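Asker: I'd like to ask some things about the structure below.
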Amino acid sequence: MRMTVKELVTGALLAAMALVIPLFFRGWLQIVIPPFSATLASHVPVMLAMFISPVVAAMVGLASTLGFLVTLGAVVAARASIHIGWAFLGAILYRRGLHPLAVLLLAIPLHAGGEGLVVIPLGFALPAAWLVAWGTAVHHLLDMSITLLIYPLLLSYFPRPGRVRGG
């Protein structure tokens, strides 16, 4: 998959936001109940990236992972690494013609379930995994609302791609 210069630059700006949000909001618009944490708006750059391209979505998901590694450590970074997968898949669904709301809603089980599951091999018990999964689902819905407010602005720069058939 090739990226245009516009996609690369916008992806870089979203990646920068994905790095800055956990750094700037650390301890401010953040809830931490280990192993769960939520930083308001931290999913917004990743969610917006899904509406640009799968490669940009994965790139911004990786930046989000690095931002949380620096601010909250390895456990939260492991959880954030799940962003790479659900954002990439969401971008593919969007390219295939799914409505943005449907894409974001379909991402919830992948996002919340993935983050809940990733903490189990890190030594957390099942109740902690449930806390992470349910907390992530609520956090996803909040950030999804912000994303859907911003989406029309993004659409003016990146018109919706034509529906891909059979691939």
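Asker: For the list (1) at pLDDT below 95; (2) under 16 Å from the mean Cα position of the chain (by Cα), I need the number of the one condition that Leu153 fails.
Answerer: Against the list (1) at pLDDT below 95; (2) under 16 Å from the mean Cα position of the chain (by Cα), Leu153 comes up short only on (2).
Asker: Among the residues of the stretch 31-62 satisfying the criterion of being under 30 Å from Leu126 (Cβ atoms) and of a type in the set (Ser, Thr, Tyr), which is surrounded by the most Cβ atoms within 10 Å (Cβ to Cβ)?
Answerer: Result: Thr39.
Asker: Does the stretch 28-44 contain any residue that is in a helix (DSSP H, G or I) and either among the aliphatic types (A, V, I, L, M) or at pLDDT 95 or above (or both)?
Answerer: Within the stretch 28-44, one or more residues are in a helix (DSSP H, G or I) and either among the aliphatic types (A, V, I, L, M) or at pLDDT 95 or above (or both).
Asker: Could you check the stretch 2-30 and list, in sequence order, the residues that are in contact with a helix residue (DSSP H, G or I) (Cβ under 8 Å, 6 or more places away or on another chain), β-branched (Val, Ile, Thr) and either within 24 Å of Val75 (Cα to Cα) or surrounded by fewer than 20 Cβ atoms within 10 Å (Cβ to Cβ) (or both)?
Answerer: Scanning the stretch 2-30 gives Val20, Ile21.
Asker: Would you please name the residue that is farthest from Ser42 (Cα to Cα), looking only at residues in the stretch 120-159 that are crowded, with 18+ Cβ neighbours inside 10 Å and β-branched (Val, Ile, Thr)?
Answerer: Among those that are crowded, with 18+ Cβ neighbours inside 10 Å and β-branched (Val, Ile, Thr), it is Val132.
Asker: Just to check your reading of the model, which residue among Val46, Val70, Val32 is under 20 Å from Tyr157 (Cβ atoms), touching a residue at least 12 places away in the same chain (Cβ under 8 Å) and either among the aliphatic types (A, V, I, L, M) or touching a strand residue (DSSP E or B) at 6+ places or on another chain (Cβ under 6 Å) (or both)?
Answerer: Just a single option satisfies the conditions, and that option is Val46.
Asker: I need a count of the residues in the stretch 68-103 that are of a type in the set (A, V, I, L, M, F, W, C) and under 23 Å from Val119 (Cα atoms).
Answerer: 16
Asker: Let me ask something else. Step by step: first the residues of the stretch 115-137, then only those that are touching a strand residue (DSSP E or B) at 6+ places or on another chain (Cβ under 8 Å) and not small (Gly, Ala, Ser), then the one that is nearest to Gly61 (Cα to Cα). Which residue is that?
Answerer: Applying the filter and picking the extreme gives Thr136.
Asker: If you don't mind, there's one more thing I want to ask. Quick check: is even one residue across the stretch 63-85 surrounded by fewer than 20 Cβ atoms within 10 Å (Cβ to Cβ) and either of a type in the set (Lys, Arg) or outside any helix (DSSP H, G or I) (or both)?
Answerer: Taking every residue of the stretch 63-85 in turn, at least one turns out to be surrounded by fewer than 20 Cβ atoms within 10 Å (Cβ to Cβ) and either of a type in the set (Lys, Arg) or outside any helix (DSSP H, G or I) (or both).
Asker: Okay, moving on. Look through Phe24, Phe36 and report the one residue that is among the aromatic types (Phe, Trp, Tyr) and over 17 Å from the mean Cα position of the chain (by Cα).
Answerer: Selected residue: Phe24, the only one of Phe24, Phe36 that is among the aromatic types (Phe, Trp, Tyr) and over 17 Å from the mean Cα position of the chain (by Cα).
Asker: Could I ask something else about it? Got a sec? Which of Leu104, Leu117 is among the hydrophobic types (A, V, I, L, M, F, W, C), part of a helix (DSSP H, G or I), at pLDDT 95 or above and surrounded by 15 or more Cβ atoms within 10 Å (Cβ to Cβ)?
Answerer: One residue alone meets the criteria, Leu104.
The values are calculated or read from the model by the stated rules, or taken from the named source; none is laboratory data. Just so it is clear, the structure is predicted and the values come from calculations on it, not from any experiment. In this analysis, Cβ positions are derived from the backbone assuming ideal geometry, glycine residues included, and neighbour counts consider all displayed protein chains.
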